[in-house]
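Structure first, commentary second.
A short reminder: the numbers here are calculations on the coordinates, not readings from a lab. Keep in mind that what you see is a predicted model, and the values were worked out from it rather than measured. Counting neighbours? That spans all protein chains shown, and the Cβs are built from the backbone with ideal geometry, glycine included.
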Amino acid sequence: MNLKLKICGMREPENMSRIAALHPDYLGLIFFEGSPRNVVGEIFQGDQKIKKTGVFVNASEENILEKIEKYQLSALQLHGEESPEFINNLKQKISEEIELIKVFSIGNEFDFEKLQPYEGVVDYFLFDTLGKSKGGNGIRFNWDVLQDYPSTTPFFLSGGIGPDDAAAVKELYHTFQKRQKEELFYGIDINSKFETAPAVKDAEALKTFRERLYN
Ligand SMILES: O=C(O)c1ccccc1NCC(=O)[C@H](O)[C@H](O)COP(=O)(O)O
């Protein structure tokens, strides 16, 4: 199964080093003061093959550029109400190699028309659950809304994915596979359900989950 794994909400250098040893595809760093996972100090830099992803909520361009430089980010996850114009302007100032992920929060239903202005502007969409906080709510949305996914932009599935969800993720992947559209279901993003404390991930739980997912 060619599904990328993004582990989000990393911060503590020692924990980050243990989690990096599991070789996820992406590690997420949250740069948002309203989050208990907000990154301020030094992090574990580690393996360049793991894409360090900066997560921003309506941050200024200046702030994003500074964090790209300081933390050597390979991807940006825009988790607020960033407009296509803002993203296009930002793209003029960053390396073409930096991947762009735009987040959409899903409630009971979702109007897929909202994706249209971002088609061709970002590399990936990320679907999270609409909740009290901007992210890290630990709640799953109804994945059935993705059954008729109308876009050609690949997406990350996120929101409350936990240690017991490997089979359900595989099932969703297989529904895309049956329609020969598995390349659209690009990856999953996991966070609070694997924490022992904010920004501290349980390496054993992640290892078991990864084995269940890929075997
Ligand atoms: O995790 C946070 O604290 C957070 C705060 C503000 C914006 C984004 C945030 N997290 C970004 C993510 O990509 C999370 O992984 C995503 O929201 C899913 O989290 P969870 O439901 O805990 O798996």
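In deg cm²/dmol, rounded to 500, what helix-only [θ] at 222 nm does the chain give when every DSSP H run of at least 4 residues adds -39500 (n - 2.57) and the total is split over its residues?
Values: 5 runs with 52 residues, N = 215.
The helix contribution divided over the chain gives -7000 deg cm²/dmol.
If you split all Cα-Cα distances of the chain into 10 Å bins from zero, what percentages do you get per bin, shortest first?
8, 37, 39, 16, 0
Filter K91/K178; K51/K114; K52/K132; K132/K201; K114/K181; K132/K207 down to the pairs with a C-alpha to C-alpha distance above 32 Å, please.
Values: K91/K178 35 Å; K51/K114 27 Å; K52/K132 26 Å; K132/K201 22 Å; K114/K181 21 Å; K132/K207 29 Å.
From the list (K91/K178; K51/K114; K52/K132; K132/K201; K114/K181; K132/K207), the Cα-Cα distance tops 32 Å for K91/K178.
How do K51, K70, K178 line up, fewest other C-beta atoms within 10 Å first?
K178, K70, K51
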